[in-house]
1. Looking at region A:525-545, which of the residues that are more than 13 Å from residue A:591 (Cα to Cα) and touching a Phe, Trp or Tyr at 6+ places or on another chain (Cβ under 8 Å) is nearest to ligand 2 (Cβ to nearest atom)?
2. Please state which of the following conditions residue B:425 fails to meet, knowing it meets all the rest: (1) outside any loop (DSSP other than H, G, I, E, B); (2) surrounded by 14 or more Cβ atoms within 10 Å (Cβ to Cβ).
3. Just to be sure before I move on: is residue A:322 within 30 Å of residue A:526 (Cβ to Cβ), away from every other protein chain (no Cβ under 11 Å), within 19 Å of the chain's Cα centre (by Cα) and buried (at least 22 other Cβ atoms within 10 Å of the Cβ) in the structure I sent?
4. Using the structure shown, decide if residue A:346 is within 12 Å of chain B (Cβ to nearest Cβ), away from ligand 1 (no atom under 16 Å from the Cβ) and surrounded by fewer than 24 Cβ atoms within 10 Å (Cβ to Cβ).
5. Which one is nearest to residue A:348 (Cα to Cα) among residues in region B:286-340 that are within 11 Å of another protein chain (Cβ to nearest Cβ) and without any contact (Cβ under 8 Å) to a residue 40 or more places away in the chain?
6. Kindly state which helices (runs of 4 or more DSSP H) lie completely within region B:293-409 and contain at least 3 residues that are more than 25 Å from the chain's Cα centre (by Cα).
7. Could you say which residue among A:150, A:160 is outside the structural domain of residue A:535 (by TED's automatic domain parsing) and surrounded by 15 or more Cβ atoms within 10 Å (Cβ to Cβ)?
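The values are calculated or read from the model by the stated rules, or taken from the named source; none is laboratory data. In this text, all values refer to a predicted model and were calculated from it rather than measured experimentally. Glycine gets a Cβ as well: all are built from the backbone with ideal geometry, and neighbour counts include every protein chain shown.
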Amino acid sequence: MIKSKIKNLGTISEINGSLITVKGLEKIVRLHDLIKVKKYNIIGEIIQIYSNRINIQCFENTEHLKLNEKVIYLEEPLSMELGPGLLSNVFDGIQRPLDKIYELEKSGFIKRGIDIPSLSRDKKWDFKPLKKINDILNSGDVIGIVEENPTISHYILVPPGIEGKLVYIREEGEYTVLEDLYKVNIKGNAQNFNMIQKWPVTKNRPFYKKLIPKEPLITGQRILDLLFPIVKGGTVAVPGGFGTGKTVIQQSLAKWCSADIIIFIGCGERGNEIADVLQQFAKLIDPRSGRPLLERIVLIANTSNMPISARESSIFSGITIAEYYRDMGYDVTLQADSTSRWAEALREISGLLEEMPAEGGYPAYLPSRLSSFYERAGIIETLGKDNLKNNKIGSLTVIGSISPPAGDFSEPITSNTKRFVQTFWALDAELAYEKHYPAVNWLESYSNYPRYIRDWWSKIDLNWPEIEFDWFDCRAQINEILSRENELKNMTQLVGQENLPEEQQLDIFIAKIIKEAILIQNAFDDIDAFTGPIKMIALIKIILLLYRESKKLLEEDFYVKDIRGLNIIEEILRIKNTIPNEEVEKIGIIKDNLMNELKSLKRIHGVIGK
Amino acid sequence: MTVIYNKINQIIGPLVFLENKHSVQYGEVVNIIMNNGESRNGKVVRLNEEVILIEIFEDTKGISATNSELFFTNDTFKLNISKDMMGGTFNSLGKPIDIETKKLLKVDIIPEVRRDINGIPINPFARIYPNNVIQTGISGIDGLFTLIRGQKLPIFSGQGISHNELAAQIVTQAKVFTDESFLIIFCGIGIIHDEAISYIDKFRMSGNVQNIISFINFADDPVMERLMIPHVALTTAEYFAFDKDMHVLVVLIDMTNYAEALRELSLAKEEIPSRKGYPGHIYSDFARIYERSGLIKGSKGSVTQIPILTMPNDDITHVIPDTTGYITDGQIVLSRDLQKKEIYPPFEILASLSRLMKDAIGEDNTREDHSDVSSQLIASYSYALDARDLVSIVGEESLNAEQRSLLKFADVFEKTFLNQSIEENRSISETLDIAWKVLSYLPKNKLNRIHKKYIEKFYQRG
Ligand SMILES: Nc1ncnc2c1ncn2[C@@H]1O[C@H](COP(=O)(O)OP(=O)(O)O)[C@@H](O)[C@H]1O
Ligand SMILES: [Mg+2]
């Protein structure tokens, strides 16, 4: 179809920072579609349409532009290119490949107006067809496989909305993303398809139905898996002042959590952190696949010094890519560090538009934007079937950091996000000051998921005859001890710990062990960085056992200082960073030693008499 | 082509409004020649069919609506940069000045390059993760909050706290371990004349002045210049780092003055203010400065930043330190309490942090025990502060032996480890040796953050 080019051209009538006003296109454009400033190749998004002009937010800096310069209407909204070649890559907020930009520019800086396709046009992928001619195809069906890398198989799916009879499909072989792969007869019209699907970032990708979460997303962070667990398909907010450990938590999860695929968005944060992830993840080996972690990650980097409008897009760009892998039947996490920077970009743009500000200067539509983001999480049954005609189950877990000004959680981003998430990991500056990391405040944080995953956890156990209750009960006990310790805090301050009754001293002592042995976890220690479910249960049980037995001892007129003097305590404290996940039986030995030490304590006292 | 105008509609603060009759570029630099022969520069910040809005870099006093001529230069602002700048002192626009008289020198820099001062963002993919130490000779920094090449590590201070001494000490003592070339760029933002003279004097006395470039924006210089000078300093830094492969340390003092200028301009433009009248985009403005640091693939140099700021009312949650802390790779906080105890430099240990040190210290870089020692010092000091609090409530008598040893430890730590003279330049090894002397006030079995093998090797060594 040949369109009159003239019809698609407008001219600039105002420039105000990244916001430009254009005349001549107002009659034909759709909101949120893209335009391009012809001379400099700058892309922008239409954000307001008036009767005589449109307002455009440019994704790059507007210096040197002049009035009356030509603007081309691109007739489509910002969309992601979905297909093989996303993994291990790093894109900016509008999916420009930063590695390719670096190669092209031969410079460490991003000049403006670079136009490179998101997915490589030259790379050939080994495509294996899984359907035959005359097969009836439904949206979401797996039509073939590309091994995107040795870790992840990339399922080529029939795009949403497409149904019909397969009339042609290529044989197994090497193809680029743009080569036609198969042809579908849709109501009498044959249509060609290649490996790429284009999908607008603000539109949710459809699925068949939402399911109830049953499985935890194991984070390997003890305080999280024990006290504030998340599920596959869940939502989490991680608020905290600067230096409280948001980024370290996000990175730890990206490294070790039990998802298949990670979409990591550096949204308005540091360039060095992106370099850190790229460098570390290329080196670190995923214990499950034996392959570099980088093979299961897609990075989106729109750092704080990059243009704000692309920062605003980066969150939705990321979640669209995440949904695409979810639709293949993978467990995907989307990690956004930090959603506050996204909201601030929204605020800056809103300010340029001179919109009426609501709370904190943020636009009134902030909550609805936030919910449209978090609501895309979930565990779902996808459209279509896999190659064995089974239903596909995929999940998308969303974990967003929040950077509240002055660390104050009553500000608009934190308080609005709370309305849309099920889990809240409140990071606390006091704990961070004490170098208690992860600085998750156990009194302020919460998770609504424990009852969903109790059954899953009840299957994770080690058969220690001495102590029998499951994860759910362990949780309750640990919570109880911690909250008692909190109640005693003021009292301790007033009279000194030594002057409290023995049972209360025991609570304080055990709470201290819980903090040291379980809650504090060093993300940079090879062993401590990730604690698997079994090791965690073992660690908790050994402490609860110590607690139970100590209580008995107190009843027999022993003192807390006797228990404090046990040699085994130091060993218990060092379990976290000396015993690897695979060697849990060693914790069993420590448990036996604990029981023996307790016995001999009684014996000695029994002999010499108290 | 240069377009000439001679009618100004309005002048409000640093903003000049013109009727739009010609085709100008967004961001273009404008020269204004006043009828007394003086000239000013500005740039186009808003453009529509009726009006051109220009921000004037320099003083707008004397500009009148009818007697000024405006020349559009057809280009954005460019800074002249050359190797000859080393050892020199410059104003906010990169022109050589005489520090004692504040006058422009009659010499001109013959540029090797001309660069846009706003820079362009570094491609995150092109960054190299920083992992080499810069030694400052100051135990608190080198031992606990180690400065890394390519890092942006700010110092949060307060009025009357000794940050000027500290800044000068860092500038004169800082060095890299390799024999690569090292350059210091000192950027004074809104500083008073006396201070500026005293800084430059110290640099001259240091014997290292040839490796220092100073940019000075005086407290009574115009607002717009205050906003430009960090970018002028960093554009220069990027040139020496990424074109000339040098390690460049940029000290920016005082970022609070920059932020105040930003607020003034924002209010003049009638932007919607965010916290405390500062614009919502202060985060992006700061980021455009602080993110101009790091290492880039393909060049051997680095840009390291130490921005120094004074916290209004010593409040770390104030917009300026808060926003800074969210962008920088850690922060070093100075304490008024320690300053009162005559401890110099008065580092507020618990609030301070160097995010990049963990991978850059240790056996191959500083010393094997460095990482454990620093976390133990901080952890024990934190316990000691709790014990100090307790003393004030229940009295020293009700402390147990462990708590008493902590109190002793904290005193010695402050007096011998943190405290040092303005001239004292300690090697990292000396710093760690002092650390062990201090740690030896604690029983061995309380050093649980230190690997046993280092305890065997270093404990009681002194
Ligand atoms: N789990 C952890 N183990 C050890 N150190 C940590 C941990 N979490 C945070 N830290 C320390 O805190 C610093 C700041 O953490 P970071 O995640 O960058 O904070 P934020 O993103 O909230 O500003 C890190 O550089 C590290 O020194
Ligand atoms: Mg962070």
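1. The first filter runs over region A:525-545 and keeps only residues more than 13 Å from residue A:591 (Cα to Cα), leaving A:525-534, A:536.
Right, trim to touching a Phe, Trp or Tyr at 6+ places or on another chain (Cβ under 8 Å) and you get A:529-530, A:533.
Working: A:529: 18, A:530: 20, A:533: 27 Å.
Result: A:529.
2. Of the numbered conditions (1) outside any loop (DSSP other than H, G, I, E, B); (2) surrounded by 14 or more Cβ atoms within 10 Å (Cβ to Cβ), the odd one out for residue B:425 is (1).
3. Details: within 30 Å of residue A:526 (Cβ to Cβ): yes; away from every other protein chain (no Cβ under 11 Å): yes; within 19 Å of the chain's Cα centre (by Cα): yes; buried (at least 22 other Cβ atoms within 10 Å of the Cβ): yes.
Judged against the criteria, residue A:322 is a match.
4. Numbers: within 12 Å of chain B (Cβ to nearest Cβ): yes; away from ligand 1 (no atom under 16 Å from the Cβ): yes; surrounded by fewer than 24 Cβ atoms within 10 Å (Cβ to Cβ): yes.
Judged against the criteria, residue A:346 is a match.
5. For region B:286-340, the residue satisfying everything is B:322.
6. Working: elements: B:319-327, B:336-340, B:370-394.
The helices (runs of 4 or more DSSP H) meeting that bar are B:370-394.
7. Details: A:150 fails: surrounded by 15 or more Cβ atoms within 10 Å (Cβ to Cβ).
None of the other options fit; the residue is A:160.
Quick grid of which residues meet (1) away from ligand 2 (no atom under 16 Å from the Cβ); (2) within 14 Å of chain B (Cβ to nearest Cβ); (3) crowded, with 24+ Cβ neighbours inside 10 Å; (4) more than 20 Å from residue B:326 (Cβ to Cβ):
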| residue | (1), (2), (3), (4) |
| --- | --- |
| A:213 | yes, no, no, yes |
| A:227 | yes, no, no, yes |
| A:230 | yes, no, yes, yes |
| A:248 | no, yes, no, no |
| A:264 | no, yes, yes, no |
